[in-house]
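The values are calculated or read from the model by the stated rules, or taken from the named source; none is laboratory data. Just so it is clear, the structure is predicted and the values come from calculations on it, not from any experiment. Cβ atoms come from the backbone with ideal geometry, glycine included; neighbour counts cover every protein chain shown. All accessible areas refer to the heavy atoms of the entire protein, side chains included, with ligands and DNA or RNA removed. Shrake-Rupley method; radii C 1.70, N 1.55, O 1.52, S 1.80 Å.
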Amino acid sequence: MRAQPQTPKRNFRGLMLLLLATFLFSATTLNAQDAAAEYTEFRGKILDKEGKDPVVFATLLVTGTNISTVSNTEGDYLLKVPNEYLNASLEVSLLGFETYTVPLSEVPKSKHKIYLTVEISQLSEISVTRFADANALVRAVFRKRGDNTLPQPARMTAFYRETIKRRNRNVSLTEAVVDLYKQPSTNNIKDVVALDKARKSTDYRRLDTVALKLQGGPFSTLYLDIMKYPEYIFTEDTYDLYDFSLESSTAVNDRPVYVVSFKQKDFVLDPLYYGQLYIDTETLALTSAEYQLLLTDKKAASALFVKRKPGDIVVTPTRAAYRVDYREKDGRWFYGYGSVDLTFKINKKRKLFNSVYSLNSEMAVTNWELITNDQIVRPKDRLRPSVVITDEISGFSDPDFWGARNVIEPEKSIESAINKIQRQMRRSNK
């Protein structure tokens, strides 16, 4: 399901770099040794103060640093802080909630519950009338991206996770720490990814003879950075293919944001997107975006995603959802988190029942620093955009595998799936 960038007027497939492949690929893993580091580990859960529900994808940041992580889909978090920063504070933020700040010295090391309060924010009349035309507002966001994003290259450490489920059962898990060499949004130089450390475990018997692999690996989430890669969703030639509308306001980091909904116009036949953009009212910086691919035309959507498959299999996408979050420091916004959720129904000839597979990939930036182009990794050490993380099984039995690196806390279902896969592999090796 790989799609190449098209000519400006027909550039509808850019984000289809979030790729499905069958029976195809292998790759090598590069494992760097952890540098010795003294750090303290904090574990807990983030909850909605009102409903006591888990708060998903909240950002946890050590103030005065670029060290951060995000909560998982169960609200759990894991944060590793070098001991030299233990006098700093912990800042927890998420779109629509008031920012929560507490000294790290007051944060328990485990089982700590953080409660976030819903932000109630009303835009002033001046802010509301500043952009009566939502289409013009979105165009202004992309015009000003050079003023709002990082002004020079940055080296980012990020944690990447990729999971495959057959119906409700986890059958494959890939995790990696990668180095992202991010270029400013205003130049045409592509970002670079280098693999630092990785591990993977897959139970192919539960894949029902269909080996699903996500081609692109970390690139599948990196290309969601639409401030760097606007051609994958909005261009001068595609703005008018969408209907834009202003919704009720909300807030991020205690700052009001515009909420703009968009969807493709009725006359547009090619599969495009629908969703919401969250825009800082003062700077017009994009703070977050959530959107999905319109899958009304199943045949056309399938052609976007499926690169190669056996002749007796029909693959139908039923969900393609994307999310990107940006974080702010010193008045500049940078890529902080991206996630992809894909669901496919697979029918096999002469088989009575179909199979449903879900593929999810997510990446969170956990640290970063500004650099020069001279500091970017050598070409031979770079990952290719077509990479598939190796099938080699390693690391999951070692609780210290990641060392001082920050990772996204695994869901309980993932933990149990990995334990089950390991038990099955041990039995099969006897």
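Length gain on complete extension for the stretch residue 384 to residue 89, per 0.36 nm per residue less the alpha carbon to alpha carbon distance?
Details: separation 295, 0.36 × 295 = 106.20 nm, distance 3.80 nm.
Length difference between fully extended and current span is 102.4 nm.
Could you tell me what percent of the accessible area of segment 232-380 is made up of carbon and sulfur, with a 1.4 Å probe and every protein chain present? Write out the running numbers ahead of the final one.
Numbers: 3250 of 6680 Å².
Ligands and nucleic acids excluded, carbon and sulfur give 49 percent.
What are the principal axis extents of the Cα atoms in segment 317-374, in Å, biggest first?
The Cα atoms of segment 317-374 stretch 59, 25, 15 Å along the principal axes, largest first.
Taking the Cβ of residue 338 as the center, what net charge do the other residues with Cβ under 15 Å away carry, scoring Lys and Arg +1 and Asp and Glu -1?
Values: positive: 161, 182, 228, 323, 327; negative: 162, 191, 225, 290, 325, 341, 362.
After counting each charged neighbour, the total is -2.
For a protection proxy built on the mean count of beta-carbon atoms within 10 angstrom, sort 380-388, 61-69 highest first, please. Write out the running numbers ahead of the final one.
Values: 380-388: 15.7, 61-69: 18.9.
Ranking, from highest mean packing down: 61-69, 380-388.
Which of 45/228; 80/197; 165/380; 299/348; 52/263 have a Cα-Cα distance over 24 Å? Write down the numbers at each step before the final one.
Working: 45/228 32 Å; 80/197 17 Å; 165/380 33 Å; 299/348 16 Å; 52/263 33 Å.
With Cα atoms farther than 24 Å apart: 45/228; 165/380; 52/263.
Per residue, how much accessible area does segment 237-363 show when a 1.4 Å probe rolls over the protein heavy atoms, in square angstrom?
Details: 5390 Å² over 127 residues.
With all protein chains present, segment 237-363 gives 42 Å² per residue.
Label segment 207-364 by shape, choosing from rounded, prolate and oblate, from the square roots a ≥ b ≥ c of the eigenvalues of the Cα gyration tensor; if a/c is under 1.5 it is rounded, and otherwise prolate applies when a/b is larger than b/c, oblate when it is not. Could you put the intermediate results ahead of the total?
Details: a/c = 2.62, a/b = 1.80, b/c = 1.45.
Prolate, because a/c is 1.5 or more and a/b exceeds b/c.
If you roll a 1.4 Å probe over segment 131-205 with all protein chains in place, what percent of the accessible area is carbon or sulfur? Mind dumping the intermediate values first?
Details: 1190 of 2710 Å².
Of the solvent-accessible surface of segment 131-205, carbon and sulfur hold 44 percent.
In the full protein assembly as shown, how much of residue 221 is accessible to a 1.4 Å probe, in Å² to the nearest 10?
0 Å²
Where only protein heavy atoms count, and the probe is 1.4 Å, what is the accessible area per residue for segment 47-193 in Å²? Please report the intermediate quantities before stating the final value.
Numbers: 6600 Å² over 147 residues.
Counting only protein heavy atoms, the per-residue value for segment 47-193 is 45 Å².
What number comes out for the charge environment of residue 49, summing +1 per Lys or Arg and -1 per Asp or Glu over other residues with Cβ under 15 Å away? Before the final figure, lay out each step's value.
On the way: positive: 45, 52, 113; negative: 48, 50, 53, 98, 119.
Local charge sum for residue 49: -2.
Where does each of 181-192, 224-235, 271-282 land if you order them by average Cβ count within 10 Å, highest first?
Details: 181-192: 16.3, 224-235: 21.2, 271-282: 19.3.
The most tightly packed comes first, giving 224-235, 271-282, 181-192.
What ranking do 257-263, 45-51 get when scored by the average of other Cβ atoms within 10 Å per residue, highest first? The partial results should precede the final answer.
Numbers: 257-263: 21.0, 45-51: 16.1.
The most tightly packed comes first, giving 257-263, 45-51.
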